[in-house]
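Q: First the structure, which I've put down as structure tokens, then a few questions once you've had a look.
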Amino acid sequence: MSNTRAVIDGGIDNNDQRLDNKVPKSTAWKDFLSLIKIGIVNSNLITTFTGLWLALHFSSKGFFSNLDLVFYTLIGSGLIIAGSCALNNYIDRDIDPLMERTKKRPTVTGKANPTKVAAMSFLLIIAGTLFLMMTTMTAVVIGLIGVFSYIVPYTIWSKRRYVSNTVIGSFSGAVPPLIGWAAVDANLDIIAWVLFLIMFFWQPPHFYALAMRRVEEYRSAGVPMLPVIKGFKTTKRHIYIWIAALLPLPFFLPELGLPFLILATLLNIGWIATGIYARKFNDDIKWATLMFVYSLQYLTIMFVAMVIITLL
């Protein structure tokens, strides 16, 4: 399912030129950060670090005595995630002009040559793989599975065809904490898999809320997101179901102690309570915005808390 949009080239009058002169020119560095989706890279590195930290902690390995391992893992993970995101931009450059939040990407505006973006993407993935090879082969395999699942099953195959695209894409987004753990301990502990499940279950309600806010953009781009195909009422029900699926997961992390269990449970209940509270506005977009913002805070607090708990 593909969409194109005509681009009409016209002259710029003096008023437009004066306005343009007041707008700061985008730098090559900013364009690069946009191409690799630096926000996604940073958030995934938080979960990668948490997996790495917990593996070091529960295997009784010192953090400072393994700084080289920490460096290889974070740089390697960051590079393969950045490469995957840039490749996603390359593939989606035909539909990105149709959505407000993506129409200013360098692959859309023409600031970045598509062929060079594709080449850079593969170079970043290769470089990241080489760094991960300095850890364990399990981390390498998991990292490459994450890259493949993001590019092929999600971006190329399901994103434009199936309403289940968000769930399919959630697999790759749940991989980073597994990479972090596997870099230290190739025999993945149940803790690592619980981190994977937390990330997997967190993504649908997060992205469904985003899709509700951008429903018309996704509709015009021909992307069959859940609110586009099933409507807001069904989307809200799915959001609550996925949040409910998070509720039992903290109970599988007894090693993190009772304080973490209480905090994680409160975060989960708070997410549901936020949705119930936001119903009073009788505004689906405002409801989705509150749920989206909460999801961001939820992820940060949850994974940072796991690190802090082990320091107490």
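Q: From (1) farther than 19 Å from Val163 by Cβ; (2) surrounded by fewer than 21 Cβ atoms within 10 Å (Cβ to Cβ); (3) within 18 Å of the chain's Cα centre (by Cα), pick out the condition that doesn't hold for Ile198.
A: Single failed check for Ile198: (2).
Q: Identify the residue in the stretch 280-299 that is within 29 Å of Thr50 (Cβ to Cβ) and among the aromatic types (Phe, Trp, Tyr) and, among all such residues, is most open to solvent (accessible area, probe 1.4 Å).
A: The qualifying residue most open to solvent (accessible area, probe 1.4 Å) is Tyr294.
Q: Shifting gears a bit: Here is a check on your reading of the model: is Leu67 open to solvent by less than 10 Å² (accessible area, probe 1.4 Å), modelled with pLDDT of 95 or more and more than 21 Å from the chain's Cα centre (by Cα)?
A: So Leu67 does not fit the description; no.
Q: Turning to a different aspect of this structure: Of the residues Tyr218, Tyr240, Tyr277, only one is open to solvent by 30 Å² or more (accessible area, probe 1.4 Å) and under 18 Å from Val167 (Cβ atoms); which?
A: Testing whether each residue is open to solvent by 30 Å² or more (accessible area, probe 1.4 Å) and under 18 Å from Val167 (Cβ atoms) leaves just Tyr240.
Conditions (1) assigned to a helix (DSSP H, G or I); (2) modelled with pLDDT of 50 or more; (3) in contact with a Lys or Arg (Cβ under 8 Å, 6 or more places away or on another chain), marked per residue:
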position	(1), (2), (3)
Leu19	yes, no, no
Pro24	no, no, no
Lys30	yes, yes, no
Thr47	yes, yes, no
Leu52	yes, yes, no
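Q: Go through the stretch 154-178 residue by residue and tally those that are more than 15 Å from the chain's Cα centre (by Cα), over 16 Å from Tyr208 (Cβ atoms) and open to solvent by less than 40 Å² (accessible area, probe 1.4 Å).
A: Result for the stretch 154-178: 1.
Q: A further question on this structure: If Thr115 passes every condition in (1) of a type in the set (S, T, N, Q); (2) surrounded by 15 or more Cβ atoms within 10 Å (Cβ to Cβ); (3) part of a helix (DSSP H, G or I) but one, which one does it miss?
A: Result: Thr115 passes all but (2).
The values are calculated or read from the model by the stated rules, or taken from the named source; none is laboratory data. This is a predicted model, so every value here is computed, not measured. Cβ coordinates were reconstructed from backbone atoms using ideal geometry, including for glycine residues, and neighbour counts include every protein chain displayed. Keep in mind that these areas ignore ligands, DNA and RNA; they rest on the heavy atoms of the full protein, side chains included. Shrake-Rupley method; radii C 1.70, N 1.55, O 1.52, S 1.80 Å.
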